[in-house]
Amino acid sequence: MGANESHNMDQVKQDLKNVLAGEALTEDDIIDIKSVAEENFVPITKKTVAYIVSGVFFNEKNEVLMMQEAKRSCYQMWYLPAGRMELNETIEEGVVREVLEETGLICKPTTLLSLEFRQGHWYRFTMTGVITGGKLKSSNESDKESLQANWFSIEAIRKNIPIRCRDIFKLIDIAVTYRNNPVKRVDIRPAIKSHKKLLLRLVVVHYNSDRYGAK
């Protein structure tokens, strides 16, 4: 390994430590950036790029919080509370707002569970956390945001109620795995850092159950 490659690996290791510590990276820290978007592409929320937030929340019965759609295209279908982020809104603020608007409940996001992206223009951030207050929206309180909200078992979500899209099944599975992890969990929340580019770095963490068993 040459001196330059060794330096790059050292930088990658340091970047990984920063990411796992919940710190944001600066563009100067990032090496080998390759653009997958048009040269003149400028990310503008709700115009040239779609940032979607969604939340997977459980109650004491391990039921999942769901909302019933009011939109004409998916009227009366059930889905996780989700929607587009507003301009100058953080991911956590977006989750809190969407959950309140669509379910009537107040939440505290604690962990980023999933990030999905398509073609460099569509991103979905899914978080989990705890419900801290509010009142579950009833059918008498229906509005343009949702018809109502309710708690459902995972089995009911998969078999008994009309679902807007089955893509939420994998998000619920991720949340269940995280919730049931016997190892002490560390909350991972998005770090706030402005960038002139849309940056994505894949981080793969291998968990050794023999070495780090439950305590």
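The 1.4 Å probe gives accessible areas that order 114, 73, largest first, as 73, 114.
Largest first, the residues 168, 174 sort by 1.4 Å accessible area into 174, 168.
Amide H to amide H, with H built 1.01 Å from N, residue 147 comes under 5 Å of 68, 69, 70, counting only residues 5 or more places away or on other chains. Of the cross-linked pairs 47/144; 71/137; 108/170; 71/135; 47/71, not one is separated by over 26 Å at the C-alpha level. Once the convex hull of all Cα atoms in segment 102-187 is built, its volume per residue stands at 136 Å³. For residue 49, the amide hydrogen comes within under 5 Å of the amide hydrogens of 44, counting only partners 5 or more places away or on other chains and with H modelled in the peptide plane. The alpha-carbon positions of segment 76-136 define a convex hull whose volume is 102 Å³ per residue. Pairs of alpha carbons in segment 29-160 separated by more than 19 Å make up 55% of all such pairs. Here, segment 136-179 yields an orientationally averaged convex hull projection of 3.9 nm² when only Cα atoms define the hull. What FRET efficiency, computed as 1/(1 + (r/R0)^6) with R0 = 45 Å and r the Cβ-Cβ distance, is obtained for residue 115 and residue 141, rounded to the nearest 0.05? Result of the calculation: an efficiency of 0.90.
The values are calculated or read from the model by the stated rules, or taken from the named source; none is laboratory data. Given the structure is predicted, the values throughout are model-derived calculations rather than measurements. As a convention, Cβ positions derive from the backbone with ideal geometry for all residues, glycine included, and neighbour counts pool all protein chains shown. Quick note on the areas: whole protein, heavy atoms, side chains included, nothing else; ligands and nucleic acids left out. Shrake-Rupley method; radii C 1.70, N 1.55, O 1.52, S 1.80 Å.
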